[in-house]
Every structure is written in C-alpha cells, then in structure tokens.
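**Student:** If you scroll down you'll find the structure; I have some questions about it.
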Amino acid sequence: MSHITVQNIDQYNAYFHQPTTHPLVSVAQLDDADLTLFEPTDFGMYCVVLMDMDFGELVKNDTRIHYRPGTMFTLKPGEVVSMNLEPSVKPKGWMLVFHPQLITNTGLGRDFYMFNYFDNHVSEALDLTESERNVMINCYTNINAELHAPDDELTSHMIRLGIGQLLSYCKRFYERQFDMKNQKSSDFIRRLDTLLDNYLAPGSPLPQQYGQPSVAWCSEQFHLSSNYFGDVVKRELHITAQEYIHNKTIERAKSLLANPQLSINDVAEALGFGYANHFTRFFHKKTGQSPTQFRKERR
C-alpha cells in the first residue's frame, strides 16, 4: 500500500497551516489539520496523539479501531497509519511530534528506555480519566507555549523537559491502567500457566511447529504486543516473561528426564529444541547441572 512519508517538521506543519518554530518539534491541534493528514502516512518521527473525539477508524498494521474521547496512543518512526474519517464529525485532539535527533545524546534520550509504550499495539492505547486528560492537555499547551516563546539559551532544554514530563505522565497513567486491568491478575496467571502447560504437554505438536515457547507466541495468544505482555508478567510475577517461560520449560524438562525411557534427544525434541546440545546448554545454565547429571542424582 502506498503511503506518504513526512520528511521534516516543515512538511508536518504544512498540514496544520502553521509556521515552524523549532526544527525538531511541533505541537498541533487536530481540528486545524488538513484532511490529507489522515491518509496513510509515516510521520517519520515519534508521535503522541490525544484523541478528544471519536471521529473515525484508525488503521495500523491491518488493525482497525475506534478510540473513545480521551484516548492517547503513540507512534514511532516507520509506522504507517491512516484514519477512515466519519464525514459528519470534525477531528479534535492534540498531536506532539518530535524528530529522533531531539533525543540523541541528551538526558531525554538517556531516559527514553522507560517509554516502551511506543511499541504497543493500537489496541493497547491509554484510556485517560478526566483529570488525567487535563494534565496531558496542560503538557501539550506548555510545550506549545515554549515553542512560541522568544528563543534563548534555555529554549531547547525547556522543550526537552516538557516532552519528558508529558512522556513520564503517560508512563504513570499506563501504570494506573495496568493496575485497573489486572485486578483479576490471578486469572491472567492461571491462563498463562494453562497456555504453557498445554504447549509443553505430552503429544503437543506446538514444540515441533514453533520450537521452544517464546514471549512473542504467548503474547499473540493474549492478543497483546510482546512489550505490553512482558510488562504485565513483570508486574504480576516480578520476573521477566522470558524468565517465567524458561522456568516452566525447566519444570517440564525435569519431569521428562525423570522418565528413563526417554533419551536426552527425546526430551530436547519434546521441548522444541532443534538440537540436543542446545537443550543441554540451556538446562545446565538454568540448573547448574547437565541433564545426565540430573538423572544420576534422581536414581
């Protein structure tokens, strides 16, 4: 599918008929946008969008979704999005864009690892409360005010601080959303346990089809991005999703090794390892013993 690629801030600002006040940053209100903004577009920059009206269907990676008013979502360079607009509803909301160069060799860039929600699926958007919405609008307006203030030696610093504050509030509000969505955390963990138990169960075709169970595969079963799924597991179990999957694999490996009729090759194949020596290295790394040593100790 063909799409527009925004090359710079000047081109972005042209959609809003507004002047460029900074070469790497812009804030705009969606109700000022030319409707061509909503055609398939790669903005080539980091974007933080507040939808203050359900004015159409957002399309990204073949996913289509309507956002309720007060929803925030993010985009990163290289992602193509479009909107199927509702003809009778005028777009309304805010959009911050900043070029990757803004975070190169800066404090904002150093802290950027915290803002991993840029990897979220469109279905994992941030649903703001009314008070949170007001906080975010204040962040947009503060950045916009700094962009239009007389330039001085602190201008770039203040703009980065403003963006950092907005992104940090997003992180805080996502944490709140995790708490609310995971009130039934025991259900989530139970589902994950069942998922992995079934994956590694005797006779399961999944290890032969997909190899060892992975974070990517598990997250797909929950219809979550790997990033969002990993955050939920870390919050609920205090270990990474990969560590949890590895622990389940070791648990199953020990059960299989207890059966003397199974060779090490049989066990490796049942767990999705392509080669027995890969399984042996994995088992030794996790337990401090080789599979053979583990068997000898159980006799």
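**Student:** Sort all Cα-Cα distances of the stretch 211-274 into consecutive 10 angstrom bins from zero, then give the percent of pairs in each bin up to the one containing the longest distance.
**Tutor:** Reading the bins upward from 0: 22, 42, 25, 11, 0.
**Student:** Follow-up. Let me have the 222 nm mean residue ellipticity of the chain computed from DSSP H runs of 4+ only, each contributing -39500 (n - 2.57), with the sum over all residues rounded to the nearest 500.
**Tutor:** -14500 deg cm²/dmol
**Student:** What's the long-distance tail for the chain, i.e. % of Cα pairs beyond 29 Å?
**Tutor:** 48 percent
**Student:** In degrees, nearest 10, range 0 to 90: what is the angle between the Cα axis of helix 130-148 and the longest Cα principal axis of the chain?
**Tutor:** Relative to the chain, helix 130-148 is tipped by roughly 60 degrees.
**Student:** Using 0.36 nm per residue of separation minus the Cα-Cα distance, give me the extension gain between V89 and N265 in nm, one decimal.
**Tutor:** Additional length available on full extension: 57.1 nm.
**Student:** Find the eigenvalues of the gyration tensor of the Cα atoms of the stretch 50-182, then list the square roots of 5 times those eigenvalues as equivalent ellipsoid semi-axes, largest first, in whole angstrom.
**Tutor:** Details: eigenvalues 131, 61, 50 Å².
For the stretch 50-182, the ellipsoid semi-axes come out as 26, 17, 16 Å.
**Student:** Turning to a different aspect of this structure: Which stretch or stretches of the stretch 51-65 have amide N atoms under 17 Å from the point lying 7 Å from H223's Cα along the Cα→Cβ direction?
**Tutor:** 58-65
**Student:** Kindly flag which residue pairs out of K171/K286; K92/K171; K76/K248; K76/K234; K92/K234; K90/K171 have an alpha-carbon separation exceeding 27 Å in this structure.
**Tutor:** K171/K286; K76/K248; K92/K234; K90/K171
**Student:** Cα axis of helix 276-287 to longest principal axis of the chain: angle in degrees, 0 to 90, nearest 10?
**Tutor:** Computed tilt is about 80 degrees.
**Student:** Could you please state how large a percent of the accessible area of the stretch 54-102 is carbon and sulfur, counting protein chains only and using a 1.4 Å probe?
**Tutor:** 48 percent
**Student:** Something else now. Give me the percent of Cα-Cα pairs in the stretch 146-295 that sit more than 18 Å apart, rounded to a whole number.
**Tutor:** The share of Cα pairs beyond 18 Å in the stretch 146-295 comes to 65 percent.
**Student:** Mind checking the per residue accessible area of the chain for me, 1.4 Å probe, whole number of Å²?
**Tutor:** With the other protein chains kept in place, the chain gives 52 Å² per residue.
**Student:** Stretched out fully, how many nm does the piece from V135 to T36 gain, at 0.36 nm a residue minus the Cα gap?
**Tutor:** Length gained, V135 through T36: 32.7 nm.
**Student:** Which of these, Y140, Y15, Y113, has the largest mean-square fluctuation under a Gaussian network model of the chain (Cα springs below 10 Å)?
**Tutor:** Y113
**Student:** For the stretch 93-162, what is the per residue volume of the convex hull drawn over the alpha-carbon atoms, in cubic angstrom?
**Tutor:** Hull volume normalised by residue count: 114 Å³.
**Student:** Follow-up. Suppose R0 equals 35 Å; then what is the FRET efficiency for R235 and M158 from their Cβ-Cβ distance, rounded to the nearest 0.05?
**Tutor:** 0.60
The values are calculated or read from the model by the stated rules, or taken from the named source; none is laboratory data. None of these values were measured; they are calculated from a predicted model. All Cβ positions, glycine included, derive from the backbone under ideal geometry; neighbour counts span all protein chains shown. These area figures cover heavy atoms from the full protein model, side chains too; ligands, DNA and RNA do not enter into them. Shrake-Rupley method; radii C 1.70, N 1.55, O 1.52, S 1.80 Å.
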